[in-house]
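Structure, as structure tokens:
The values are calculated or read from the model by the stated rules, or taken from the named source; none is laboratory data. No experiment lies behind these values; they were computed from the predicted model shown. All Cβ positions, glycine included, derive from the backbone under ideal geometry; neighbour counts span all protein chains shown. Each accessible area value is taken on the protein alone, full model and side chains, heavy atoms only, with ligands, DNA and RNA left out. Shrake-Rupley method; radii C 1.70, N 1.55, O 1.52, S 1.80 Å.
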Amino acid sequence: MVRAAVLTKQGGRLEVMDISLGDPGPGQVKVRVAAAGVCHSDLSLANGTLSQEVPAVLGHEGAGVVIAVGEGVDRVAAGDHVILNWAPACRECWFCLQGEPWLCVHAEETARAPYAFLDDGSPVYPGLGTAAFAEETIVPAAGVVKVPDTVPMEQAAVLGCAVQTGAGAVLNTARVQPGESVVVVGLGGVGLSALQAARAVGAGPIIGVDVSEAKADLAARHGATDFLVADETVTKAIRKLTGGRGADHAFDCVGLPATIRTAWSASRRGGAVTVVGVGSKANIVEFNALELYWFGRTLHGCVFGSSDPDVEIPRLLGLVEEGKLDLAALATSTTDLDGVNDAFEQLGQGARTIVTFG
């Protein structure tokens with residue numbers, strides 16, 4: 001039996017209970033979870049913004065130690081330290097063969113199949129195919145990436161989503177260059193990671209925008225040269241900081257129509273807008289035909305930071321070793337499994353709350 005935080009119905013609270021988790025099957029890996037970040041996407045699954053079969057164990061940003069492997073697995077071995085990869089690529093579909101594994105058509109299949117059981121025999125589904133809010137989990141072999149034992153687990157966990165997504169948006173999707181101006185709207189774990197990546201490549205100015213004025217110091221620590229509160233004057237203030245033009249690159253890390261429009265309006269003519277935040281299909285963003293023509297901006301969607309975890313995680317760890325990324329700064333608080341619901345309520349107040357397992 002494994003202790004886990006289980007979502008029994010969307011819109012309800014997670015309940016900590018025991019689940020029955022078997023041995024890894026062929027091509028699978030069993031991991032003892034050491035740390036898991038609490039991401040807004042988990043809240044979206046919990047409250048019904050994103051669809052999720054229930055009962056389910058949420059949590060997709062995690063790290064731990066391999067305790068068993070199934071037949072045919074040679075990617076990792078028992079005792080290896082790993083980061084969980086919630087979007088394992090098949091390496092065989094059209095998108096994978098085009099070098100876009102973050103768009104793999106099979107990446108979500110694991111999330112649709114039960115992986116454990118409740119005491120009454122009810123099947124349990126793994127949230128985003130990962131189920132990191134549990135003492136142990138079972139994932140496909142492609143769902144783990146080995147990391148050095150020297151990387152603290154709390155820091156390894158944030159690499160699993162926040163850093164890959166936020167930094168990847170800057171490094172891979174937008175390909176920000178030294179000296180280009182950047183604005184990041186929404187300074188949670190993903191947005192702060194985007195700030196760090198912009199600093200790492202030598203962008204400037206780097207402007208952080210958030211509804212909370214309390215984020216000013218946090219933004220500065222993560223690389224922002226300027227901080228602005230999101231209000232009706234923010235786009236005018238951004239233009240003032242960027243020679244009257246607007247930013248070369250604007251990143252929306254929230255996913256709401258209002259924040260996407262803020263990022264759009266904050267960018268210069270010919271600039272690039274990258275939507276990183278995950279919104280609801282019910283939220284409609286509108287543009288008129290004239291502005292699309294006249295401003296000449298490029299609007300990008302961004303899935304998982306356009307990242308291939310097998311390549312991206314070693315690259316990001318290299319930036320950490322060079323002192324260009326600060327993973328420790330992202331873990332602003334910790335809790336245990338019983339504190340996950342409170343962590344959901346506190347989303348937006350810091351960077352990342354990390355669930356740790358003793």
Computed accessible area, T225, all protein chains, 1.4 angstrom probe, square angstrom:
80
Projecting the Cα atoms of A216, T242, Q349 onto the charge dipole of the chain, where Lys and Arg contribute +1 and Asp and Glu -1 at Cβ, the residue farthest towards the positive end is T242
Roughly how much of E109 is accessible, in Å² to the nearest 10, using a 1.4 Å probe?
90
Computed over the stretch 157-238, the relative contact order (Cα-Cα under 8 Å, seq sep at least six) in percent reads 27
The chain, dipole about Cα centre (Lys/Arg Cβ +1, Asp/Glu Cβ -1), debye to the nearest 20:
1340
Enter the accessible area per residue of the chain (Å², integer; probe 1.4 Å; all protein chains in place).
42
Dipole axis of the chain (+1 Lys, Arg; -1 Asp, Glu on Cβ), positive-most option in G62, M1, A198:
A198
Share of accessible surface on carbon and sulfur in the stretch 209-358, whole %, 1.4 Å probe and ligands ignored, is 51
Taking alpha-carbon centroids only, the stretch 302-346 lies from the stretch 1-56 a number of Å equal to 19
If we sort 92-101, 279-288, 51-60 on the protection proxy, mean other Cβ atoms within 10 Å, highest first, what's the order?
51-60, 92-101, 279-288
Run down the lysines and flag those whose C-alpha is under 24 Å from the C-alpha of K236, throwing out any fewer than 8 positions away in its chain.
K215
In whole angstrom, the spacing between the Cα centers of the stretch 159-214 and the stretch 98-135 equals 29
Towards the positive end of the charge dipole of the stretch 100-205, with charges on Cβ (+1 Lys, Arg; -1 Asp, Glu), say which of Y115, S181, P152 has the farthest Cα.
S181
Kirkwood calc, the stretch 187-226, C-alpha pairs only, radius in angstrom 9.7
Sorting T233, T259, T274 by accessible area (1.4 Å probe), largest first, what list results?
T233, T259, T274
With Cα extents along the principal axes in Å in mind, check (i) 61, 39, 39; (ii) 59, 41, 36; (iii) 62, 52, 44 and report the label derived from this structure.
(i)
Cut-off under 17 Å on the C-alpha distance; same-chain residues fewer than 8 positions from K240 excluded. Which aspartates and glutamates are left, in chain and number order?
E180, D226, D231, E232, D248
Relative contact order (%) - the stretch 37-105, alpha-carbon pairs under 8 angstrom, separation at least six
21
With a 10 Å cut-off between alpha carbons and a GNM built on the chain, which of H249, H106, H222 moves the most?
H106
Take every DSSP beta bridge whose two residues both sit in the chain, then give the antiparallel share in percent to the nearest 5.
55
With contacts defined as alpha carbon pairs under 8 Å and 6 or more residues apart, what's the relative contact order of the chain in percent?
18
With all protein chains modelled, accessible area of D248 [1.4 Å, Å²]
30
Sort K30, K9 from largest to smallest accessible area, using a 1.4 Å probe on the heavy atoms of the protein chains.
K9, K30
Probe 1.4 Å, all protein chains present, accessible-area order of F357, F295, largest first:
F295, F357
